1. Quick check: anything in region 493-510 open to solvent by 80 Å² or more (accessible area, probe 1.4 Å), among the basic types (Lys, Arg) and either closer than 20 Å to residue 579 by Cα or modelled with pLDDT of 85 or more (or both)?
2. What are the pairs with Cβ atoms under 9 angstrom where one residue, in region 548-564, is among the acidic types (Asp, Glu) and the other, located anywhere, is outside any loop (DSSP other than H, G, I, E, B) and buried (at least 21 other Cβ atoms within 10 Å of the Cβ)? Sequence gap at least six, or different chains.
3. Has region 114-129 got any residue that is of a type in the set (S, T, N, Q), open to solvent by 80 Å² or more (accessible area, probe 1.4 Å), at pLDDT 85 or above and closer than 27 Å to residue 217 by Cβ?
4. Looking at 79, 61, which is the one that is at pLDDT 75 or above and closer than 30 Å to residue 251 by Cα?
5. Tell me, yes or no, whether region 338-356 has at least one residue that is modelled with pLDDT of 75 or more and either among the aromatic types (Phe, Trp, Tyr) or open to solvent by 90 Å² or more (accessible area, probe 1.4 Å) (or both).
6. Considering only region 434-490, state which residues are without any contact (Cβ under 8 Å) to a residue 40 or more places away in the chain, out of contact with any helix residue (DSSP H, G or I) (no Cβ under 6 Å at 6 or more places or on another chain) and of a type in the set (D, E, K, R).
7. What are the residues in region 515-534 that are out of contact with any Pro (no Cβ under 9 Å at 6 or more places or on another chain) and open to solvent by less than 80 Å² (accessible area, probe 1.4 Å), if any?
Amino acid sequence: MLGRQLRFAWRRLSLQPGFHALTALLTFLMLIAGGEQLIRMDSARAQEEQHSIVTARVADLRAKLETELASTIFLARGLVTYTSGFGETLTEEQARRLIRAIYDNGRNVRNIAVAPDNTIRWVHPLKGNEKVLGLSYSTLTRQWPSIQRMMRTRETVLAGPIDLIQGGRGVLVRTPVFRTDGRYWGLISITIDWDNLLRRVALQASPTDLKLAIRGRDGLGEHGEVFYGTASVFAEKPVTARIELPGGSWIIAATPRDGWTSEAPQQNLKRGIYLLIATVFTLMLLGYIHDASEKRRINASLEERVKARTAEIERTNDELSQSLCSLQQAQDSLIQSEKLASLGSLVAGLAHELNTPIGNSLLAASSQSQQIRALRAPEQALSRSAWLKALDEIDEAAHIIERSLGRASELIVSFKQVAADGTSSQRRNFDLGKVVSDFLLVLQPTIKHSGLQILVSIPPGINLDSYPGILEQILMNLIQNAIIHAFPEQKSGKISIGARALNNEQVVIWVVDDGRGIPAENLARVFDPFFTTRMGQGGTGLGLNIVYNLVTGPLGGHIEAHSEPGQGASFEFTVPLSAPQKTPG
């Protein structure tokens, strides 16, 4: 009722003058607003991409600088260790030979100076550095504070970049040296050629679309002077990265040379395209509204015919529903009949299998009964040989009865185990290899008569919290299946039993034979109940179905069968190390 009223109100409103024009205008404005939102999103995405590119380049430069500086610092620490060991006994020849070797293997090293008591005594290479020999660091007003900090913290410090006394610019890596008794001995200074360092890290050849700057002279980080580039870069919201140094850090900053972008590429072109789309869509909407109005006027005269047709269709649908219900009932009856026929066939097959052992038992029992009556009331005196012969016949009849009733019992038990609820099995912790070995020991007499060889490959240490009785039942059925079906005529063959831990939660167990295999058309049905290729010849079709129910039920796993005709068969099942808890009821 409410929906009908709303439709009626909408129709009256749509007939008002100017309604269509107002609808078109609102649509146009919404499309324009949506286009502007997309442009803003493009701008934000462009800014994010630009920021990511600058960040990646800054990170690359930082990594290169840290790598180059770290290689020099490593050399300095090795030299300090060597010098500390000699202390006062360090000779000039030893010092020169050592710093020459380090200089030859170093990168970006301009010179190496050794300064006992803070006065430079040895320097390599000597050429070009003669001016620093005999220089006392205490006289260098600009550098002395960093040396005092080095002595106080007992850590390597970095000074510069600075203008060198011998000319050029360099970064000084100074490491204190202490005697073995802890007293200050002096320092070792390695001068890094600043211009060569820039060339090594390709800083001067960095992309021309970036403005770069580095601050933190003498390792003072944010508080240090700008010594590369211009300080204005740090005021333009740059991407920054900290270069870790001994006793301090540098800060590298970068911005796009043309500044951070504020607009998406081709923004005006996109705005024009959005405007064009909004205009075209609005015109199409106006045309559609006009056509819709015409259609409503035309369809008004058809409503009555539609109503009549709808009523007719509803009556037809009712008739079809009744027919469908009848058809469904007939289908259910056919399905139930098919189920009953299938069940009857299964019971008939089982009855046929039971008939032979029970008939043999009755025949043997009858014969045994007659023989016993003859012994109780003999027609004439029995000789010893006649008596022994009668006992042998009675014993043979007893064996026939035992075997036949055992066969019947197996059939009945197998039929009952189709449900495989496993309620009679006890759950406990056990070692898989131990349980399988004990089980095969008990099964040995049966295996011996079959002429088969069983190989076991189970590593120790696979522990389960599960049902060993159920597992033994599964192995028993699989082995019996192989004996009956895989080797029906031959007297020799192999059955392999193996297992491996799949992870910390599951174990995979397999039983593989090298018998005649399973035809492809039967492979998909091997786990179906009462499916067997030897019905009436000792096969019940329940063995593998019981295996399937036990694996998927109490053990909580799954099983697969694989085979190629003439190449044997493989049954592989995966179960959890801890079986699922049984549901009460």
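The values are calculated or read from the model by the stated rules, or taken from the named source; none is laboratory data. Please read these numbers as outputs of a predicted model, since none were measured by experiment. Heads up, the Cβs are rebuilt from the backbone with ideal geometry, glycines too, and the neighbour counts pull from every protein chain shown. Side chains are part of the model used for accessible areas, which takes the heavy atoms of the whole protein and leaves out ligands, DNA and RNA. Shrake-Rupley method; radii C 1.70, N 1.55, O 1.52, S 1.80 Å.
1. Yes, because at least one residue in region 493-510 is open to solvent by 80 Å² or more (accessible area, probe 1.4 Å), among the basic types (Lys, Arg) and either closer than 20 Å to residue 579 by Cα or modelled with pLDDT of 85 or more (or both).
2. 560/571; 560/573
3. No, the conditions are met nowhere in region 114-129.
4. Unique residue meeting the criteria: 61.
5. No, that holds for no residue.
6. Scanning region 434-490 gives 434, 438, 448, 489.
7. Those that are out of contact with any Pro (no Cβ under 9 Å at 6 or more places or on another chain) and open to solvent by less than 80 Å² (accessible area, probe 1.4 Å): 522, 523, 526, 527, 528, 529, 530, 531, 532.
Here's the yes/no breakdown for (1) closer than 21 Å to residue 210 by Cβ; (2) open to solvent by less than 40 Å² (accessible area, probe 1.4 Å); (3) modelled with pLDDT of 70 or more:
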residue: 9; (1), (2), (3): no, no, no
residue: 14; (1), (2), (3): no, yes, no
residue: 33; (1), (2), (3): no, no, yes
residue: 49; (1), (2), (3): yes, no, yes
residue: 84; (1), (2), (3): no, yes, no
